[in-house]
Amino acid sequence: MKTKFKPRLYWLIHHGELLESTTEPISVRRAYVKQSKARNEVATRLRWMLPVKSPDLLPKSVIKADADWQKAYADRQKAVNENWKNIVKRHRAECPGCPFDYEKKTLIFPAL
């Protein structure tokens with residue numbers, strides 16, 4: 001049985017966002033940082049990518065906005081998944097030749 005993912009507030013998941021909720025297990029983001037970020041950035045990024053210890057001490061408006069964002073994000077993901085074939089068709093029409101892997105859902109970059 002698959003366990004349902006539960007978002008959690010973290011500090012510095014992405015360098016431009018001081019506070020945000022996880023959208024997937026944090027281990028996925030950590031692995032991505034290790035694999036894809038500049039070597040001189042990895043240790044600092046991982047060191048400060050920390051769960052918020054006391055979310056109850058954050059302003060209630062921030063917690064509510066985050067909960068609203070999580071619901072909107074989940075609704076968007078559901079809509080995209082339900083309409084993936086139509087989205088792919090539109091993307092192919094508008095961006096011919098784009099090196100996007102539609103199965104892995106990722107952009108493919110040329111080798112160096």
Practice item. Search segment 79-88 for residues being of a type outside the set (A, V, I, L, M) and either touching a Gly at 6+ places or on another chain (Cβ under 6 Å) or surrounded by 11 or more Cβ atoms within 10 Å (Cβ to Cβ) (or both), and hand back the single one that is nearest to LEU107 (Cα to Cα). Key: TRP84
Exercise for review: Exactly one condition in (1) surrounded by fewer than 12 Cβ atoms within 10 Å (Cβ to Cβ); (2) assigned to a helix (DSSP H, G or I); (3) not assigned by TED's automatic domain parsing to the domain that holds TRP11 is not met by ALA111; state its number.
Suggested key: (2)
Revision key, fill the gap. Residues in segment 23-54 that are surrounded by 14 or more Cβ atoms within 10 Å (Cβ to Cβ), modelled with pLDDT under 95 and closer than 21 Å to ALA72 by Cα total 1
Practice item. Considering only segment 16-33, state which residues are within 24 Å of LEU57 (Cβ to Cβ) and assigned to a loop (DSSP other than H, G, I, E, B). Key: GLY16, THR22, THR23
Practice item. Go through segment 34-55 and give me each residue that's part of a helix (DSSP H, G or I), under 15 Å from SER21 (Cα atoms) and out of contact with any helix residue (DSSP H, G or I) (no Cβ under 8 Å at 6 or more places or on another chain). Key: TRP48
Check your understanding: Is segment 7-14 home to any residue that is in contact with a strand residue (DSSP E or B) (Cβ under 6 Å, 6 or more places away or on another chain), touching a residue at least 60 places away in the same chain (Cβ under 8 Å) and surrounded by 11 or more Cβ atoms within 10 Å (Cβ to Cβ)?
Key -> yes
Check your understanding: What number of residues within segment 55-73 are surrounded by 13 or more Cβ atoms within 10 Å (Cβ to Cβ) and of a type outside the set (Asp, Glu)?
Key -> 6
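The values are calculated or read from the model by the stated rules, or taken from the named source; none is laboratory data. Just so it is clear, the model here is predicted, and its values are computed rather than measured. Virtual Cβ from ideal backbone geometry, glycine too; neighbours counted across all protein chains shown.
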